Amino acid sequence: MWHALGVDLGSTTAKAVVVAPDGSPLGSAVVQMGAVSKKGVERAIDTALDNAGLARADVARTVSTGYGRRLVEMADRSFTEISCHARGAVAMMPGVRLVIDIGGQDSKAIAIGADGLLDRFAINDRCASGTGRFFDVLARALEVEIADISDLAAASAEDAEVSGMCATFAETEVISLLAQDVAPTDIAAAVVRSVASRTIGLVAQVRKNDPVVMTGGVARNETFVAELSRQLDLPIARLDSPQIAGALGAALIARDDYLNSVPEDERTQAEWDRQRSGSPIEARHDCDGTRPHHDHGTGPHHDHGPIPVRLMPTVTRV
Ligand code: ADP
């Protein structure tokens, strides 16, 4: 059986998702990198395939996305993060109208039309203050793990202020607040409020709409999602694995690309070739009942309805 692979090489993490012909995810991985690295991406691909019990030879089509998408050697094609995050978020949460993606280096607000297709988007990639980088700087200055920022901010008792103009100066600002004996909990909460208000500015550019979902690593910060929801005055759906939305979208685009470019009889021939060469074949049903429609920037694709994405990625470091 053929499979499709999506790889999202971001600024801080490499993510990979492998899907079956019907689009259901079979394996995924998130690899924390020091900096964009080919090693990180190779590890993510192998771990995701390993989780699915597959080998590289089982992959018929690969699409890459993310900041480092051109470094993914296995990719047949590359797509923008906007296309892939929109596609992945809609698959994870059918009916979503606004996707807020905050990664390590940029943040995006993506409006989805009633037809489930990408409508408009706004991106903040020049200033790091509305991105995960601000939280990374904060964690370093407070000497805590990034995963601890949420609990720290939730425990805040008093309002502190960070000017939040620039993440580059944030470290100095945080250190200065610590020197003034401001509690780390209050500093963390101030950064949460500041990043949330920057995000509201981004959302205003595409217009507020609901349902809303958050993707990207910062969605793992529960206190941030709650604060953003408060400032937005709308509930924000949380996904089990928000960090793999872009890679899932890339995998689904790879799947469509394969279905659109390879006639059905050749797909069957490819199956036979693979069986003869001894690659593992799984007994799964092939895609059925698909109907093509169009997506800006991603070409025709097959709508297969909601995808149950309960798959928890393996999270490792290079
Ligand atoms: P990229 O694709 O740019 O590498 P990600 O979507 O992987 O970015 O998000 C990375 C960001 O997510 C980090 O900069 C960090 O701020 C945040 N992050 C990562 N893990 C966690 C976590 N466990 N809790 C809170 N925030 C996290």
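How many percent of DSSP beta bridges within the stretch 95-238 run antiparallel, rounded to 5?
Just about 65 percent of them are antiparallel.
Based only on other Cβ atoms within 10 Å, what is the fewest-to-most ordering of R133, R317, R87?
On the way: R133 24, R317 11, R87 31.
The order, fewest Cβ neighbours first, is R317, R133, R87.
If neighbour count is taken as other Cβ atoms inside 10 Å, put K39, K208, K108, K15 in order from fewest to most.
K39, K208, K108, K15
Using the basic label-point model (7 angstrom from Cα toward the beta carbon), what is the E264 to M74 distance in nanometres?
A separation of 2.9 nm, rounded to one decimal place.
Give me the number: length gained by fully extending A57 to R140, i.e. 0.36 nm times residue separation minus the C-alpha to C-alpha distance, one decimal in nm. Working shown, then result.
On the way: separation 83, 0.36 × 83 = 29.88 nm, distance 4.09 nm.
Contour length minus the Cα-Cα distance gives 25.8 nm.
Calculate the FRET efficiency for I200 and E222 from the Cβ-Cβ distance with a Förster distance of 30 Å, rounded to the nearest 0.05.
With R0 = 30 Å, the Cβ-Cβ based efficiency is 0.95.
With θ set to phi - 60°, apply the Karplus curve 6.51 cos²θ - 1.76 cosθ + 1.60 along the stretch 77-94 and write out the HN-Hα couplings as whole Hz, x wherever there is a Gly or Pro.
With the stated coefficients, the stretch 77-94 comes to 8, 10, 10, 5, 5, 4, 4, 6, 5, 4, 5, x, 5, 5, 5, 6, 9, x Hz.
How large is ³J(HN,Hα), in whole Hz, for each residue of the stretch 18-28 in order, when computed from phi with the Karplus curve 6.51 cos²θ - 1.76 cosθ + 1.60 and θ = phi - 60°, using x for Gly and Pro?
10, 10, 7, x, 7, x, 6, x, 10, x, 8
Which lysines does K38 reach when only Cα atoms under 18 Å apart count, and residues fewer than 8 places away in its own chain are ignored?
Those lysines meeting the cut-off are K15.
Using modelled backbone amide H atoms (1.01 Å from N, in-plane), which distant-in-sequence or interchain residues come within less than 5 Å of T12's amide H?
Close amide H contacts, sequence-distant or interchain: G104.
For the stretch 62-75, take each phi angle, set θ = phi - 60°, evaluate the Karplus expression 6.51 cos²θ - 1.76 cosθ + 1.60, and give the result in whole Hz per residue in order, putting x for glycine and proline.
Per-residue couplings from phi come out as 10, 10, 10, 8, x, 3, x, 4, 6, 8, 7, 5, 6, 6 Hz.
On a full-extension model of 0.36 nm per residue, what is the gain between Q231 and A114, subtracting their alpha-carbon distance, rounded to one decimal in nm? Intermediate results must be reported in sequence, preceding the final value.
Working: separation 117, 0.36 × 117 = 42.12 nm, distance 2.41 nm.
39.7 nm is the gain from fully extending Q231 to A114.
I want to make sure I understand the PRE zone here: with the label point 7 angstrom from the Cα of V315 toward its beta carbon, which residues in the stretch 237-252 have backbone N atoms less than 14 Å away?
Backbone N within reach: 239-245.
So how do D159, D8 line up by other beta-carbon neighbours within 10 Å, fewest first?
D159, D8
Using a Förster distance of 45 Å, how high is the FRET efficiency between I123 and Q180, based on the Cβ-Cβ distance and rounded to 0.05?
0.80
The numbers here are math on the coordinates, done by the rules we state, and not lab data. Small disclaimer: the values here were computed from a predicted structure and weren't measured. Glycine also receives a Cβ, built like all others from the backbone with ideal geometry; neighbour counts cover every protein chain displayed.
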